Amino acid sequence: MPALAHRTMPPRRRPPLAELCLCRRRGYNGAEGGRSRRPDPGQSRRCGHVRKDGHGAQLVNQHGSLCWNELLTHDADAAGSFYTTLFDWTIEPYGDIYTVFMNGDRPGGGLLTLDEADGGPSNWLVYFMVDDCDAVHDRSNSLGGRVQMPPDDWPEVGRGAVLIDPQGAAFGAMHLLDPPD
């Protein structure tokens with residue numbers, strides 16, 4: 001059997017930022033908004049377009065849509081002070097250990113203090129609305145995901161779980177009892 005010749009693959013072409021930018025593909029342009037100054041310091045490929053009339057997510061309360069954000073931090077007082085000053089939010093206690101960031105009269109996310117034993121860095125956790133939390137948990141596992149917190153009932157909120165995708169990114173799946181409009 002003849003030996004295979006070593007072949008080098010041509011370098012993979014990186015698509016220009018404009019191809020990756022979903023807002024550009026949807027036809028947004030400078031007349032509707034502006035560009036942010038530069039990509040983040042880590043040079044991750046993200047859209048730099050900023051809409052002047054943007055007001056947040058437009059697809060809500062549907063399976064797979066974003067429904068909640070939660071800041072997990074070792075210093076809730078400092079984090080609360082930072083975000084309330086940065087975004088003109090207010091905070092409201094919710095139970096003994098949880099705080100809700102309020103954007104005007106609407107809840108905008110949660111704030112939870114990490115235990116010292118957690119050891120990881122402070123981070124934001126995104127939650128996706130799901131029709132059936134247990135089914136999403138099972139499907140995630142079948143696709144190579146892992147479980148950080150199994151599905152559980154959250155009184156007056158709904159049923160949720162925290163899962164980890166095969167690449168190691170944590171995310172939440174939540175079925176809300178009474179989703180906001």
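The values are calculated or read from the model by the stated rules, or taken from the named source; none is laboratory data. All values reported here derive from a predicted model rather than from experimental measurement. Neighbour counts run over all protein chains shown; Cβ positions are idealised from the backbone, glycine included.
Listed here are the residues, each with its yes/no results for (1) of a type in the set (Phe, Trp, Tyr); (2) surrounded by 15 or more Cβ atoms within 10 Å (Cβ to Cβ); (3) under 21 Å from Gln58 (Cα atoms).
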site	(1), (2), (3)
Gly109	no, yes, yes
Thr113	no, yes, no
Glu116	no, no, no
Gly120	no, no, no
Asn123	no, no, no
Asp132	no, no, no
Ala135	no, no, no
Ser140	no, yes, no
Leu143	no, no, no
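What's the total number of residues in region 145-154 that are surrounded by 14 or more Cβ atoms within 10 Å (Cβ to Cβ) and within 17 Å of the chain's Cα centre (by Cα)? Of the residues in region 145-154, 1 are surrounded by 14 or more Cβ atoms within 10 Å (Cβ to Cβ) and within 17 Å of the chain's Cα centre (by Cα). Which condition number in (1) among the aliphatic types (A, V, I, L, M); (2) outside any helix (DSSP H, G or I); (3) modelled with pLDDT under 95 is the one that Leu125 fails? If we test Leu125 against (1) among the aliphatic types (A, V, I, L, M); (2) outside any helix (DSSP H, G or I); (3) modelled with pLDDT under 95, just (3) comes out false.
Can you tell me which residues in region 130-167 are on the phi > 0 side of the Ramachandran plot and either in contact with a Gly (Cβ under 7 Å, 6 or more places away or on another chain) or part of a loop (DSSP other than H, G, I, E, B) (or both)?
Step one: of region 130-167, the residues on the phi > 0 side of the Ramachandran plot are 144, 156, 158.
Answer for region 130-167, where residues must be on the phi > 0 side of the Ramachandran plot and either in contact with a Gly (Cβ under 7 Å, 6 or more places away or on another chain) or part of a loop (DSSP other than H, G, I, E, B) (or both): Gly144, Glu156.
Taking the numbered list (1) modelled with pLDDT under 95; (2) more than 23 Å from Pro180 (Cβ to Cβ) in turn, Ile97 passes all entries but (2). Only a single criterion out of (1) within 19 Å of Ser65 (Cβ to Cβ); (2) surrounded by 14 or more Cβ atoms within 10 Å (Cβ to Cβ); (3) at pLDDT 95 or above is not satisfied by Asp165, namely (2).
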